[in-house]
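The values are calculated or read from the model by the stated rules, or taken from the named source; none is laboratory data. The shown structure was predicted, so the numbers you read here are calculated from the model rather than taken from an experiment. Here Cβ is always computed from backbone atoms with ideal geometry, including for glycine, and neighbour counts include all displayed protein chains. What goes into the accessible areas is simple: the full protein's heavy atoms, side chains included, and nothing from ligands, DNA or RNA. Shrake-Rupley method; radii C 1.70, N 1.55, O 1.52, S 1.80 Å.
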Amino acid sequence: MTAEPRPRKPRQRGASRPGNAPQPADPTRDVAFDILCGVVEHRRMLENSLSRSATEHDAPARDRAAAHRLAAATLRHMGTLRTVLEPFLRKEPPEPVRVALMMGCAQLLFLETPPHAAVGTTVSLLRRRKLAPFAGLANAVLRKVADKGPALLEGLDEARLDIPAWLWSSWSTLGKGVPRAIARGISQEAPLDLTLRPGATAPEGGEALPNGSIRLPAGTRVTELPGYEDGAFWVQDAAATLPARLLNAQPGEFVADLCAAPGGKTAQLAATGANVTAVEQNANRLTRLRENIDRLSYPVEIVQADAATWAPKAPLDAILLDAPCSATGTARRHPDVLWVKRPRDLTALTAGQDRLLAAAKAMLKPGGRLIYAVCSLQEEEGPARARAALALGLEPSPFTAEELPFLPEAITPEGWLRTHPGMWADVGGMDGFFVARFTVPKA
């Protein structure tokens with residue numbers, strides 16, 4: 001007797017086609033992919049995409065941190081990654097596909113991810129993102145990259161490739177060899193720097209820097225350190241401590257911190273015993289400022305206002321103006337700025353900086369002190385704005401080597417301060433800042 005053939009089950013649409021099988025969830029790579037597409041395709045800052053995507057993919061803190069690390073590594077080496085991939089691509093893929101390939105390549109060449117994981121997760125990512133037709137391409141290309149390994153980097157000028165041409169050219173004004181030193185500093189993941197509350201004990205494993213900051217390895221989770229909840233310290237790059245230090249606020253003085261978020265400099269000023277008012281306009285940044293100052297329990301008056309139009313109740317003794325800027329000096333921590341910012345952005349930024357300088361002068365009493373600072377490496381936002389401040393009638397108050405005995409090389413001939421990521425390279429570098437000090441003429 002012949003057996004009846006079993007009826008064939010109806011095929012669910014797309015269920016058995018190659019590349020359409022359900023792919024395992026991978027919040028780390030999904031969030032990193034969203035971050036990178038935001039930067040590359042929409043010039044969207046990393047932190048903005050991170051928050052939105054992490055919520056969408058329900059990514060826990062550990063996956064958020066891993067996604068940030070993967071996206072940042074890809075951005076730090078993006079020029080090199082594009083160059084490495086070019087010989088393996090016979091025609092230009094869609095930009096999201098190139099982003100996925102760069103992510104896979106970064107894992108293989110810079111993050112020491114096992115080849116099977118880097119290749120497999122990239123293929124799965126493309127399938128999850130409705131880019132399955134390119135899964136075979138990714139598999140083939142990344143296997144070739146894995147086979148050749150670090151040899152693909154031989155002979156490449158990685159420093160030059162990983163810095164956009166306009167930035168490299170602009171940094172050449174900082175001195176011979178400085179752009180390359182900056183690029184080397186940016187290429188490494190930044191460590192975690194802490195500023196201690198006076199009298200607080202440093203967390204174990206930290207290295208004391210010459211300026212008094214405590215440096216811990218990259219990837220350290222600050223919220224898990226003993227003393228964090230008690231307000232024993234706050235996160236602040238070593239270079240970012242210098243503007244408040246150089247203002248030299250005194251107990252009882254009336255001082256304003258303009259554009260104050262996230263609050264590290266505000267805390268420094270408050271620790272001196274000065275009467276501090278912190279002014280911040282952006283609502284999200286204001287929330288972060290309040291959270292930080294509340295954790296530290298400093299008696300600071302916090303005001304939500306545009307610093308260019310806010311007026312104190314009475315003329316002030318001193319002002320710290322850390323003005324909104326291109327933030328190119330923070331690229332070691334925020335490598336997205338390299339690819340998001342454009343030369344034309346500087347026009348609006350410098351106009352805003354001039355408005356803030358004029359406003360700050362009007363807030364000060366005769367003889368009052370003003371620190372102007374930007375976390376930028378650009379001439380237009382640093383020296384050019386210092387000259388604009390002098391044109392407003394402010395008097396220069398040059399920094400001296402005695403004030404910065406641990407960093408005399410950062411003092412310019414004009415008496416300004418200029419740091420960059422190539423400095424202190426042997427201990428992990430520092431952010432780039434321009435700082436200048438002025439006083440209001442006495443009547």
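Within the P(r) computed for region 153-223, what percentage of the Cα pairs occupies the region above 18 Å?
Of the Cα pairs, 56 percent sit more than 18 Å apart.
Accessible surface ranking for W424, W234, 1.4 angstrom probe, highest first: W424, W234. Averaging 1/r across all pairs of distinct Cα atoms in the chain and inverting the result yields a Kirkwood radius of 23.9 Å. Between E86 and E224, the contour length at 0.36 nm per residue exceeds the alpha carbon distance by 45.5 nm.
Quick one: order H334, H42 from most to least accessible surface, probe 1.4 Å.
On the way: H334 70, H42 110 Å².
Result of the area sort, largest leading: H42, H334.
Stokes-Einstein, applied to the Kirkwood radius of region 304-443 over Cα pairs at a viscosity of 1.567 mPa s and 4 °C, places its translational diffusion at 82 µm² s⁻¹.
Cross-link pairs exceeding 24 Å between alpha carbons, from the set K313/K361; K148/K176; K91/K144; K144/K341: K148/K176; K144/K341. Can you tell me the 0 to 90 degree angle between the C-alpha axis of helix 135-148 and the longest principal axis of the chain, rounded to 10? Orientation of helix 135-148: about 70 degrees from the principal axis.
From the mean inverse distance of alpha carbon pairs (Kirkwood) and the Cα radius of gyration, derive Rg over Rh for region 378-443.
1.04
Only one residue of G205, Q268, A183 has its Cα farthest out toward the positive end of the dipole of the chain, where Lys and Arg carry +1 and Asp and Glu -1 on Cβ, and that residue is A183.
For Y228, the solvent-accessible surface with a 1.4 Å probe is about 40 Å², rounded to the nearest 10. Against the main long axis of the alpha-carbon atoms of the chain, helix 345-363 sits at an angle near 30°.
Dipole magnitude for region 117-247: computed about the Cα centre from +1 point charges on Lys and Arg Cβ and -1 point charges on Asp and Glu Cβ, it is near 720 debye.
Using just its DSSP H runs of length 4 or more, each adding -39500 (n - 2.57), the chain gives a mean residue ellipticity at 222 nm of -12000 deg cm²/dmol after division by all residues. Of the beta bridges DSSP finds with both residues in the chain, what % are antiparallel, to the nearest 5? Roughly 50 percent of the DSSP beta bridges within the chain come out antiparallel. Listed by chain and number, the aspartates and glutamates whose C-alpha is less than 17 Å from the C-alpha of K265, apart from same-chain residues fewer than 8 away, are D193, D237, E253, D257, E280, E291, D294, E301, D317, D322, D431.
Here the spin labels are modelled as points 7 Å beyond Cα on the Cα-Cβ line, and at A140 and D306 they lie 5.7 nm apart. As a length-normalised measure over Cα pairs under 8 Å and 6 or more apart, the relative contact order of the chain settles at 13 percent.
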